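The values are calculated or read from the model by the stated rules, or taken from the named source; none is laboratory data. The structure presented is a predicted model; accordingly, all values stated were derived computationally and were not measured. Glycine gets a Cβ as well: all are built from the backbone with ideal geometry, and neighbour counts include every protein chain shown.
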Amino acid sequence: MTTIEQNEEISVSSANGLSLLELQRMVASRKAQLDGLLKRREILAEQLREVDALIEDINGGRVRQNAPQARTLNSTSLRPLILQLLTQNRRGYSLRDLVDQVLRSGYVTQSSNFQTVVYQAIYNCDEIIFDQRTRLYRLKE
């Protein structure tokens, strides 16, 4: 438990039994603690700026951030895209053909097993059925 948490616990549990003078001392102590933390933050921020400047000098003028790559957003979600493709081809598609059509339409994915993703989208969609006779996925009539 940190000092801050301990002080909060003391102030919450026994504030009713403390005198005004004791409460004022606690407030002054907390203020001094806050001032110290704010000063420490400024010192650390200045040190960080100095390190960034050194990195810029070494790295040719830019600081490289190790932020994760932003996820690519597709213009259409997967399920509406599948429904659109099945609307255009009333006969239907096999799972493999449907995956190919989705990717050809420009849908971007980083999935290592996109066929499973497409299958789950189909499986959880009430408008799509699997035709046992033709072995194709198509829209319900």
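Considering only the range 90-139, state which residues are over 19 Å from T72 (Cα atoms), in a loop (DSSP other than H, G, I, E, B), out of contact with any strand residue (DSSP E or B) (no Cβ under 9 Å at 6 or more places or on another chain) and not basic (K, R).
Matches in the range 90-139: N124, C125, D126, Q132, T134.
Please work out if L44 is surrounded by 11 or more Cβ atoms within 10 Å (Cβ to Cβ) and either outside the structural domain of E127 (by TED's automatic domain parsing) or modelled with pLDDT of 90 or more (or both). Outline the logic, then answer.
Numbers: surrounded by 11 or more Cβ atoms within 10 Å (Cβ to Cβ): no; either outside the structural domain of E127 (by TED's automatic domain parsing) or modelled with pLDDT of 90 or more (or both): yes.
No: the conditions fail for L44.
Go through (1) surrounded by fewer than 15 Cβ atoms within 10 Å (Cβ to Cβ); (2) under 33 Å from the mean Cα position of the chain (by Cα) and name the single condition K140 misses.
Only one criterion in (1) surrounded by fewer than 15 Cβ atoms within 10 Å (Cβ to Cβ); (2) under 33 Å from the mean Cα position of the chain (by Cα) is unmet by K140, namely (2).
Quick check, is A121 modelled with pLDDT of 90 or more and under 30 Å from the mean Cα position of the chain (by Cα)? Full working, then the answer.
Working: modelled with pLDDT of 90 or more: yes; under 30 Å from the mean Cα position of the chain (by Cα): yes.
Yes; evaluated as a whole, the condition is true for this residue.
Report yes if R90 is under 24 Å from the mean Cα position of the chain (by Cα) and touching a residue at least 40 places away in the same chain (Cβ under 8 Å), otherwise no. Explain how you work it out, then say what you get.
Details: under 24 Å from the mean Cα position of the chain (by Cα): no; touching a residue at least 40 places away in the same chain (Cβ under 8 Å): yes.
When the stated conditions are applied, R90 does not pass them.
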